[in-house]
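Here's a structure for you.
The values are calculated or read from the model by the stated rules, or taken from the named source; none is laboratory data. Bear in mind the structure is a predicted one, so any value in this text is a computation, not a measurement. Glycine gets a Cβ as well: all are built from the backbone with ideal geometry, and neighbour counts include every protein chain shown.
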Amino acid sequence: MRLRHIMGAEQKIEESGYVIKAPQEYRGRWAELFGNGNPIRLEIGMGKGRFLMEQAQAHPRINFVGVEIYSSVLLKAVQKQEELRLANVRFLCMDALGLADCFAQGEIERIYLNFSDPWPKDRHAKRRLTSPRFLKVYENILTEGGMVEFKTDNRPLFEYSLESLPASGWEILAQTPDLHHSSLAEGNVMTEYEEKFASEGKPICKLVATKRRLE
Ligand code: SAH
């Protein structure tokens, strides 16, 4: 995501009730925050929020939390949400590495990773959202049988993830190197990046995985 400094982004985000400022205080209590016990799903690296908001509109009985590290990017999603005011949407402006301090074990039903930064250099591999230390975080917040759904246009990152997930004890439930021409395409909701890459003719890769716990 291109970085721009947007004047007042921090302030607008600070003012929005949809951005949770001290998420650690809600650890284990997100049902209270939403006012219902509906399942909670996360999109990590949400960008401008189109996927998240479309999902939230289509599934009012599921709660959605969008996580984005950069306030300048998050701002767009916040502005959209300030208009739509969806009751089942909240945002966190933070590094996903800290999510286990914000959600208790089993509090998250599903995690979406859409077009995560590829970090192609080996020395940056640990920043990839499908690298072992992030997978540990996901494992610590997901329900038993909870899934990670990952889409990317980046073939090397996809190949890396097909290895890193099983190496960390995850089971790949489904995968395709060409989502839009596969049986997984049904019900697919496009993200901003996905639309751009697909319109350039790039195939979109997808995998779905779950962490099996030891008996
Ligand atoms: N999901 C969107 C945006 C993809 S770009 C889409 O598909 O259109 C990847 C996004 O992930 C960027 O906005 C980047 O800022 C964010 N990101 C990268 N690393 C992150 C991290 N560790 N925690 C939270 N967000 C992160």
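Hey, can you tell me all the residues within the range 161-215 that are touching a Leu at 6+ places or on another chain (Cβ under 6 Å) and charged (D, E, K, R)?
Across the range 161-215, the qualifying residue is only Lys206.
Please go through the range 1-32 and pick out each residue that is at pLDDT 95 or above, not small (Gly, Ala, Ser) and not in a loop (DSSP other than H, G, I, E, B).
Val19, Pro23, Gln24, Glu25, Tyr26, Trp30, Glu32
Can you give me the number of residues within the range 185-194 that are surrounded by 14 or more Cβ atoms within 10 Å (Cβ to Cβ) and either among the charged types (D, E, K, R) or over 21 Å from Met53 (Cα atoms) (or both)?
Within the range 185-194, residues that are surrounded by 14 or more Cβ atoms within 10 Å (Cβ to Cβ) and either among the charged types (D, E, K, R) or over 21 Å from Met53 (Cα atoms) (or both) number 2.
Kindly indicate the residue of the range 87-119 that is closer than 14 Å to Arg41 by Cα and aromatic (Phe, Trp, Tyr) and also nearest to the ligand (Cβ to nearest atom) among those meeting that condition.
Tyr112
Considering only residues that are closer than 16 Å to Leu113 by Cβ, in a loop (DSSP other than H, G, I, E, B) and touching a Phe, Trp or Tyr at 6+ places or on another chain (Cβ under 8 Å), which ones fall in the range 167-195? Before the answer, list the steps.
Taking the range 167-195 and keeping what is closer than 16 Å to Leu113 by Cβ, we get 168, 170, 172-176, 179, 184, 188-194.
Right, trim to in a loop (DSSP other than H, G, I, E, B) and you get 168, 188-191.
Val189, Met190, Thr191, listed by residue number.
Only one of Phe197, Phe150 is surrounded by 13 or more Cβ atoms within 10 Å (Cβ to Cβ), under 22 Å from Gly47 (Cβ atoms), in contact (Cβ under 8 Å) with a residue 60 or more places away in the chain and of a type in the set (Phe, Trp, Tyr); which? So that I can check it myself, show each step before the final result.
Numbers: Phe150 fails: in contact (Cβ under 8 Å) with a residue 60 or more places away in the chain.
Sole residue among the options that is surrounded by 13 or more Cβ atoms within 10 Å (Cβ to Cβ), under 22 Å from Gly47 (Cβ atoms), in contact (Cβ under 8 Å) with a residue 60 or more places away in the chain and of a type in the set (Phe, Trp, Tyr): Phe197.
Next question, about the same structure. Got a number for residues in the range 163-181 being surrounded by fewer than 17 Cβ atoms within 10 Å (Cβ to Cβ) and closer than 20 Å to Arg110 by Cβ?
Residues flagged as surrounded by fewer than 17 Cβ atoms within 10 Å (Cβ to Cβ) and closer than 20 Å to Arg110 by Cβ within the range 163-181 amount to 6.
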